[in-house]
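Read-outs throughout are calculated quantities, based only on the coordinates presented, and are distinct from any laboratory measurement. Computed from a predicted structure; not experimentally measured. Positions of Cβ are backbone-derived with ideal geometry, glycine not excepted, and every protein chain shown enters the neighbour counts.
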Amino acid sequence: MHECLLCKRDMKVSNDVFGNGCVRNIYSFLDLKMPRKVNLREETLYKNIMKINNVNSLNNNQKIWLTDRYLTYQYLNRIPYGDYNTIKNQINYDIQNIKQIKKDEEPKSAKNMSLKQAYDLYKKVIKFQDGIDKISKGNCTDEDSIKKIITSISFIFNMSKNKKQYENNAFKGMQFAFWQTVIEVGGNYAEFPISAYFLQHSLVENPENLYITDGNIVETIKKDNNFKNIVKKIVEEKGKNSDSFEYDYQ
């Protein structure tokens, strides 16, 4: 079985490193002009990436690994969530020393982050960002549409399924971005400013307890019918035939 270097799908009879669809995606991703002739696309891609990294005279194995490491770096570099500086530095070191890679060897950074891992994570980030943008820009106004979007990006909360550290690194950042969007939409559009305020406070690193004794939140609670009914019920139960009483709200 011969797999595509990017997506790992079986290319069956093809001897190329990348599948035809993946080559197109790579050219588009890197904003490079793709040759019309199919048989020139991979070699032209190698030449372009060699030129970008200012290297020449590489053997075939080194060309492939340079392309692999360069693409991995670029996918990670376009992920705005999580901290990938350590692995990116490792990849960059391997790129700078690509001529040291011997036949049938692989760069050390490939063991910590494969091209497919970076590519799959990048696709998840794009899917997440697309959903968040639709919600935050108000493109989804009905409840069903919002539910569908939230369901499609629910993978960011499934930490038990996504146990790999490189995924969790990004997913934690995406979770924060998700709740920030909830705050913005809930506070500004849906008119739940108090809920938005409390949620914003919960997102602060090591948040302290809030003690609210006056202001808009207190006045809003006083005017709430549910609060009034609860107070009335407590007074009727605990304060019956009494001028005063104590009530432990806990």
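Quick notes on this structure:
- Taking a straight Cα-Cα cut-off under 17 Å and skipping sequence neighbours fewer than 8 places away in the same chain, the lysines within cross-link reach of Lys147 are Lys127, Lys134, Lys137.
- Length added when fully stretched, Arg78-Asp214, from 0.36 nm per residue minus Cα-Cα: 44.4 nm
- Taking the convex hull of Cα positions in the chain, its mean projected area over all directions (nm²): 20.5 nm²
- Charge dipole of the chain (Cα centre as origin; +1 on each Lys and Arg Cβ, -1 on each Asp and Glu Cβ, all else neutral): 1620 debye, rounded to the nearest 20.
- For the peptides 110-119, 67-76, 164-173, residues were scored by their other Cβ atoms within 10 Å and the scores averaged per peptide; the highest-first order is 67-76, 110-119, 164-173.
- Placing a label point 7 Å from the Cα of Glu3 along the Cα-to-Cβ direction, the residues of the stretch 66-99 with a backbone N closer than 17 Å are 68-69, 72.
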